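Beneath this line is the structure, given in structure tokens, with notes to follow.
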């Protein structure tokens, strides 16, 4: 991994499916919110947890890190492994202890 991408310091799976979601923090001090529902993955970051969850494009301090979608709009499950496959180019997960995150895919 390169050092110019944010490092995920904490990550916790808060919902298994419909939506699959995770919450955590980055080495930048930002909070991140990861949500996969209706076949759409969104990863957002902001100075507070609430602002990361409610990420509005007009909020100058909140940002979308990644948006990805697939054809199956009924899909709401994603494994930890798939999350890393899709977002590993924009987030560094090297510090994460996956056994503490939740889910048994790792």
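Bear in mind these aren't lab numbers, they're just calculated from the coordinates by the rules spelled out. Nothing here was measured: the structure is a model prediction, and the numbers come from that model. Heads up, the Cβs are rebuilt from the backbone with ideal geometry, glycines too, and the neighbour counts pull from every protein chain shown.
Summary table
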quantity	calculated
Within the chain, helix-based [θ] at 222 nm, where runs of 4 or more DSSP H residues each add -39,500 (n - 2.57), nearest 500	-3500 deg cm²/dmol
Separation of the residue 27 and residue 60 label points, Cα + 7 Å toward Cβ, nm	2.8 nm
Beta bridges by DSSP in the chain, antiparallel share as percent, to the nearest 5	95 percent
Gyration tensor (alpha-carbon) shape descriptor, region 5-58, a/c threshold 1.5	oblate
Among 58-65, 36-43, the order from most to least packed when residues are scored by Cβ within 10 Å on average	36-43, 58-65
When region 35-106 is reduced to its Cα atoms, the Kirkwood hydrodynamic radius in Å	13.4 Å
